[in-house]
Amino acid sequence: MLAAQRRDLLLERLRTDGRIIAKSLAAELGISEDSIRRDLRELATAGLCQRVYGGALPASPAIADYAARQHVAISGKQRVAAAAATMVEPGSTVIIDGGTTALAVVRALPVDLRATVVTHSPTVASALADHRDVEVYLIGGRLFKHSMVACGAAAVEAARGLHADLFLLGVTGVHPEAGLTTDDADEAAMKRALARQAADTYVLASSEKVGAASRFAVLPLGEVAGVITDTSPDDPTVRALDVRVIHAP
């Protein structure tokens, strides 16, 4: 089997099985495990998979730049956002993450909502300008343009003074084994800092993120209250998630 054929097969297995175990696939194909690992390295360099111990997982399409992500899974993000918006209770304090799904949450909030929103996203903060009864606190720091959020030491330090009822967390990957992941180390640290300041954390997970993984761990699934997703309840990956799953209609 030619190298190009092997790589096509690997991509097909990632689509159908949701993961690759290098040792098992090498035995099945009758080739060396080193060949499989070399192919996976090349696919990972091209952004087509995420290597993990013993093999690989599908790469998340959510690692594309902010402008491109605004055109990815629009309907799914809107459904997830609508379900998440219902969890923001009047009079509560909620932390809203950055990213395109978080922005959709803001757009789904009732205009007459009375609440306090804390965010490290200038995009999310500005989208709340017409919510006259929402008090907005914007955390500053180094602007991470991929998600249009503030990160870094100053932002993490500012987060330590917060106490919120709810954190709506955005990630690029939700996987039963890899947990919750994103593609930047500083952004992952910021998300963890915000999660520590909220009574409950729920994950915004439109279907393109479920079963995918990125480079940096945010939190284990066991440390969040639930995952909000438009993925079918019968999806094998969803059924394998060891956490409460809220299905967005």
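The values are calculated or read from the model by the stated rules, or taken from the named source; none is laboratory data. Keep in mind that this is a model prediction, so the values were computed, not measured. A quick note on method: Cβ atoms are made from the backbone with ideal geometry, for glycine too, and the neighbour counts reach across all protein chains shown. In case anyone asks, the SASA skips ligands and DNA or RNA and just uses the protein heavy atoms, side chains included. Shrake-Rupley method; radii C 1.70, N 1.55, O 1.52, S 1.80 Å.
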Percent of accessible area on the chain owned by carbon and sulfur, 1.4 Å probe? 51
Give me the one-decimal nm value for the distance between modelled label points at Ala4 and Ala27, 7 Å along each residue's Cα-to-Cβ direction. 3.2
Using protein chains only and a probe of 1.4 angstrom, how many square angstrom of Lys145 are accessible, to the nearest 10? 150
Taking θ as phi - 60°, what are the ³J(HN,Hα) couplings along region 75-81 by the Karplus curve (6.51, -1.76, 1.60), each to the nearest whole Hz, with x for Gly and Pro? 5, x, 4, 5, 5, 4, 4
Would you mind working out the magnitude of the charge dipole of the chain relative to its Cα centre, with +1 at each Lys and Arg C-beta and -1 at each Asp and Glu C-beta, to the nearest 20 Debye? 380
How much solvent-accessible surface does Arg7 expose, in Å² to the nearest 10, with a 1.4 Å probe and all protein chains in place? 60
Once the dipole of the chain is set up from charges on Cβ (+1 Lys and Arg, -1 Asp and Glu), the residue from the list Leu25, Ala248, Ala125 lying farthest towards its positive end is Leu25
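I need the semi-axes of the equivalent ellipsoid of the chain: take the C-alpha gyration tensor, multiply each eigenvalue by 5, square-root it, list largest first in whole angstrom. Could you put the intermediate results ahead of the total?
On the way: eigenvalues 251, 63, 46 Å².
Ellipsoid half-lengths, sorted descending, are 35, 18, 15 Å.
Where both residues lie in the chain, what percent of DSSP beta bridges are antiparallel, nearest 5? Working shown, then result.
Numbers: 15 of 42 bridges.
If we restrict to bridges inside the chain, about 35 percent are antiparallel.
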Have a look at Leu128, Leu180, Leu169 and tell me which one the Gaussian network model of the chain (Cα, springs below 10 Å) gives the largest fluctuation. Leu128
What is the distance, in nm, between label points placed 7 Å from the Cα along the Cα-to-Cβ direction at Ser126 and at Arg244? 3.5
Global form of region 101-249, assessed from the alpha-carbon gyration tensor, a/c cut-off 1.5: oblate
Suppose only helical runs count, i.e. DSSP H with n ≥ 4. What mean residue ellipticity at 222 nm does that imply for the chain under -39500 (n - 2.57) per run, divided by all residues and rounded to the nearest 500 deg cm²/dmol? -10000 deg cm²/dmol
Under 5 Å, built H, 5+ apart or other chain: amide partners of Cys49: Ala44, Ala59
Which of Ile21, Ile139, Ile95 moves most in a GNM of the chain, Cα contacts under 10 Å? Ile21
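So how much slack lies between Ala153 and Tyr53, counting 0.36 nm per residue of separation and subtracting their Cα-Cα distance, in nm?
Values: separation 100, 0.36 × 100 = 36.00 nm, distance 2.99 nm.
Difference between extended and current length: 33.0 nm.
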For the chain, built as a Gaussian network whose Cα springs stay under 10 Å, the top-fluctuating residue of Glu223, Glu12, Glu177: Glu12
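Measuring with a 1.4 Å probe in the full set of protein chains, what accessible area per residue, in whole Å², belongs to region 1-160?
Working: 8170 Å² over 160 residues.
So region 1-160 comes to 51 Å² accessible per residue, rounded to a whole number.
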